[in-house]
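Visitor: The structure is given below, and queries will be raised subsequently.
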Amino acid sequence: MKFAVAFALFTSVAAFSPADFSAVKPKASVTALYGEFGASSTSFYTKTEKQDSYESLDSILDAKCSDGQVKQVIKDMLDVCAEITEALRTALVTVEGSMNDFGDAQLSVDVIADNLIWDAVKASKVVREGASEEDPIVRDVDESGDGEFTVCWDPLDGSSIVDNNWAVGTMMGIWPKSTGLIGAKGRDQVTSLVALYGPRTTVLVALDDGTYEFSYGCTPEGCQLPDGTFEPWICSRSKIEISPDCKIFAPANLRAAQDLPGYKKLIDHFMENRYTLRYSGGLVPDVYQQFTKEQGVFSNPTSEGSPAKLRLAFEAAPFALLVEKAGGKTSDGVSGGSILDVQINAVDQRTPICIGSANEVDRFNEMLCLLE
């Protein structure tokens, strides 16, 4: 009996090994499951096919980022995302015994990620100011006086789920010297980055002509190229497009549905029309899936009983730039206009938001009676 089980397990694993998979020609009925819907009609599988080769970070930036200083700040921030990746692999999740400015208990991984980013912006030759969600004050880090950018970041979004070893992330918005942060809008960002730390580390970056994804520590050759050089980052997705329609929803702040009849009506619409619920409670994975699935909507309205929690500069604006560059849409949850047009009047300014597939954001605005 033990032999039979072991043999069955061995043959199952062998059937999916990379060496044998290309030789297997699935039946037409099986192939149909790898389209938009899975076997249960509620699961969404990747449609991304393996490429023969992938472009390096430098080659993409040379072609798609016309400003040399923006290119440099992107590379500096990607470097620190790589450092955070390595730190998360070894750090235990424990309470530090300290609080951030919002009264949240800081975890060891929060402090580690935040310290790494502070070190990175201080070392960068193109950053002039920095502001962390953990300490929402814009601080001068430009000793040389040559810095050009203000970088705002949430060092590790997902503190309530990281102890479960779920995917978490880093969000960064980058504003030019000409606007700084206070008084600027999300549309003034020169770029933004969102890193997702899961089984792999991937980072979305806003470039001149759209949103690109870079993967850390992997190339088709296994990180080391045939010429012996090492590529830490490759471009895994180019010019991502988010479909105007979707069947995936991530509803945050459901408590607000008790106060807002329109939000309850929207949730009922999702359920009655058999949308697929994909919600972890982490902003980064819950919005990031829109880029991998090329569809989806994340909603987070607010009410008197459930006030806004998301920060405009640290979270909403960086993601909004990436989504709108990918053809998606955003709502400020108040006027129905783009979150990128909301003026930043305080470092820790909060905001409601709806973000994702354009037609679903329109539906959100309509059902919550928001007018542009």
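The values are calculated or read from the model by the stated rules, or taken from the named source; none is laboratory data. Keep in mind the model is a prediction, meaning the values are calculated, not measured. Cβ: placed from backbone, ideal geometry, glycine included. Neighbour counts: every protein chain shown. Note: areas computed on protein heavy atoms with side chains; ligands, DNA, RNA excluded. Shrake-Rupley method; radii C 1.70, N 1.55, O 1.52, S 1.80 Å.
Visitor: Report the calculated FRET efficiency for Glu272 and Ser144 (r = Cβ-Cβ distance, R0 = 45 Å), to the nearest 0.05.
Guide: Here the calculated transfer efficiency is 0.15.
Visitor: I've got another one for you. Can you give the charge dipole size of region 195-335 about its Cα centre, rounded to the nearest 20 debye, using +1 on the beta carbon of Lys and Arg and -1 on the beta carbon of Asp and Glu?
Guide: Magnitude of the dipole: close to 500 debye.
Visitor: Can you give the FRET efficiency to the nearest 0.05 for Asn165 and Glu86, using r as the Cβ-Cβ distance and R₀ = 22 Å?
Guide: The value I calculate is 0.85.
Visitor: Let me ask another. From the residues Gly158, Val205, Thr179, which one has its Cα farthest along the dipole of region 153-212 in the positive direction, the dipole being from +1 and -1 charges on Cβ of Lys/Arg and Asp/Glu about the Cα centre?
Guide: Towards the positive end, the residue furthest out is Thr179.
Visitor: Is the C-alpha gyration tensor of region 248-372 telling us rounded, prolate or oblate? Criteria: a/c under 1.5 is rounded; beyond that, a/b larger than b/c is prolate, otherwise oblate.
Guide: Verdict is rounded for region 248-372.
Visitor: Please compute the per residue accessible area over region 244-372 with all protein chains in place, 1.4 Å probe, rounded to a whole number of Å².
Guide: The answer is 40 Å² per residue.
Visitor: Also, quick follow-up: How much of the accessible area of region 138-224, in percent, comes from carbon and sulfur atoms when a 1.4 Å probe is used?
Guide: On region 138-224, the fraction of accessible area on carbon and sulfur atoms equals 42 percent.
Visitor: Using 7 Å Cα-to-Cβ label points, what is the Arg255/Asp79 separation (nm, one decimal)?
Guide: That separation, rounded to one decimal, is 4.2 nm.
Visitor: Considering only protein heavy atoms and a probe of 1.4 Å, how much of the accessible area of region 272-364 is carbon and sulfur, as a whole percent?
Guide: Using a 1.4 Å probe with all protein chains present, region 272-364 comes out at 43 percent carbon and sulfur.
Visitor: Hey, rough spin-label estimate for Thr179 and Glu241, points 7 angstrom out along Cα→Cβ, what's it come to in nanometres?
Guide: In this crude label model, Thr179 to Glu241 measures out at 2.7 nm.
Visitor: Here's a follow-up. For region 160-168, take each phi angle, set θ = phi - 60°, evaluate the Karplus expression 6.51 cos²θ - 1.76 cosθ + 1.60, and give the result in whole Hz per residue in order, putting x for glycine and proline.
Guide: So the J values, rounded to whole Hz, are 7, 10, 5, 5, 7, 6, 7, 5, 10.
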